[in-house]
Amino acid sequence: MTLRDVRGLTVSTGNQAALDRFDAAVELLNGYYLDFLAVADEALEEDPGFVMGHCFKAGVYATCNEAAAQVELRRSVEAAEALSAGATDRERAHIAAARTWLEGDLERAAALYGRIVQEHPHDILALQIAHVADFFLGESRMLRDRVAQVLPHWDESVPGFGYVLGMHAFGLEQTNLYGRAEEAGRRALTLNNRDPWAIHAVAHVMEMQGRIGEGVEWMETRRAQWADNNAFSYHNWWHLALYHLEQGETERVLSLYDLHIRSNPASTALELVDGSAMLWRLHLRGIDVGDRWRDVADCWERAAADGFYAFNDAHAMMAFVADGRDDAADRTLAAQEQAARRGHGTGAMMARDVGLPVCRALQAFGRGEYRTAAKLLYAVRTRAHRFGGSHAQRDILDLTLVEAAIRSGDAPLAQALTAERNNLKPSSPANRSLTARAMGMADGRSISGRPSRTALPQNC
């Protein structure tokens, strides 16, 4: 028997109670509200043969994008495959996409989930999984256009339309269409104010435009919509902390870090990324963070030799370098070297093109080899998107590059880089501070190590 879900898509179950729990789980996942896995399990308790219940769980574990989730991802994929004979074509497509992700071909998996959405524009589960895959791939255009492809099929009459607009808002922001992104995010919230992803998209706009005071107000006045009982709240807390860091309010940043960004001792890799990223920004500023690095580094130790996802490994390297764990840093570097040699898969490309040089640069920075760090980061900066993350997240590489240039005494490079930053965000107090340091440098040397003919005078 078959039934139709809340958006009219056919599912291979005759159990209405199971389908109702599935629809509820999808809505929770759309907003990253807690218990979506527990509710999906309830659907499977009602009907153990409910294929989309297993596909739902496969999508959730796939988008964890860390080695620790692979066991559960495989279990869900194999459970769905065992039921594929009675599945619909759409359900079999979900199974194939999840299997492809399990096998390590993230680019192909994103394409397969994207094809499901093209054929079934109301499949919001496939759309969300594809959206997250595009994020992990650093595919800014597809973050925008994969959603744009299906927008004509959506309106206020289709449940979940607000969440679709929120995804589109983030894609618009990642392609620098800030006005349209903010408009889409705000519209999403008029339809459903409990959409942390839409709130997050507008927070990105304000971060990129240097609207710091507005950003703090935006997040604080909507805290009830994103901070409570939400699996994504740690990242929105991170965005709020970024605003305070921009204003130099380091005590407030550390308070937010302790209470919210790193409040969960059993952190996922996604949470650890934000922990490392915030502490490293403070590290670059010379701020003493006490023993906080020890906790983050301890958590990263379990994945130091995975070589699973280069973006994660780069953030693990930050923790190991800052906490003085040379052995763990060496293991992470070796894992990236091994991943780079695996062939032509997504992980190999990410490690080879970005992860490996970034990890080498971070290790060099920790050793005080600032010229080497700057050279490695400068070479990779235009292709850093290939290992995923957002513009705001990848800015940590540019910040490290600027600091390495300053500490190495390369005035021309430091001044050029800070000029770039000021051109993009002239209202930024942090950028003005970096510029003052760069412009105050004595006659420096170029990244090649040769004396520069264009070093600016100290008071220029």
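Details
- Between the Cα long axis of helix 212-221 and the first principal axis of the chain there is an angle of about 30°, rounded to the nearest 10.
- Extension reserve of the ASP291-GLU420 stretch, reckoned as 0.36 nm per residue once the Cα distance is removed: 43.0 nm
- Packing-based ranking, highest mean first, of 98-106, 396-404, 434-442, 166-174 given that Cβ atoms within 10 Å are counted: 166-174, 396-404, 98-106, 434-442
- At R0 = 25 Å, FRET efficiency that the Cβ-Cβ distance of ASN176 and ALA111 yields, to 0.05: 0.55
- Remark: the GLU220-ARG437 segment gains 74.9 nm on full extension, using 0.36 nm per residue and subtracting the alpha carbon distance.
- Farthest toward positive dipole pole in segment 161-212 [+1 Lys/Arg, -1 Asp/Glu at C-beta], among VAL205, ASN176, GLY162: GLY162
- Charge dipole (Cα centre; +1 on Lys/Arg Cβ, -1 on Asp/Glu Cβ; no other charges) of segment 156-245 amounts to roughly 80 debye.
- Nearest 10 degrees, 0 to 90: helix 326-340 Cα axis against the chain principal axis: 60 degrees
- Here the chain is assigned +1 on the Cβ of each Lys and Arg and -1 on the Cβ of each Asp and Glu. Its dipole about the Cα centre then comes out at about 1980 debye.
- Only Lys, Arg, Asp and Glu carry charge here, each on its Cβ (+1 for the first two, -1 for the last two); on that basis segment 238-333 has a dipole of about 140 debye about its Cα centre.
- Relative packing of 154-162, 323-331, which averages over residues the other C-beta atoms within 10 Å, highest first: 323-331, 154-162
- Label-point gap, in nm, between ALA334 and ALA148 - each point 7 angstrom along Cα→Cβ: 4.7 nm
Taken together, the values in this text are just the output of simple stated rules run on the coordinates, not laboratory data. Everything quoted here is computed from the prediction, not taken from an experiment. Every residue, glycine among them, receives a Cβ derived from its backbone with ideal geometry; neighbour counts consider all protein chains shown.
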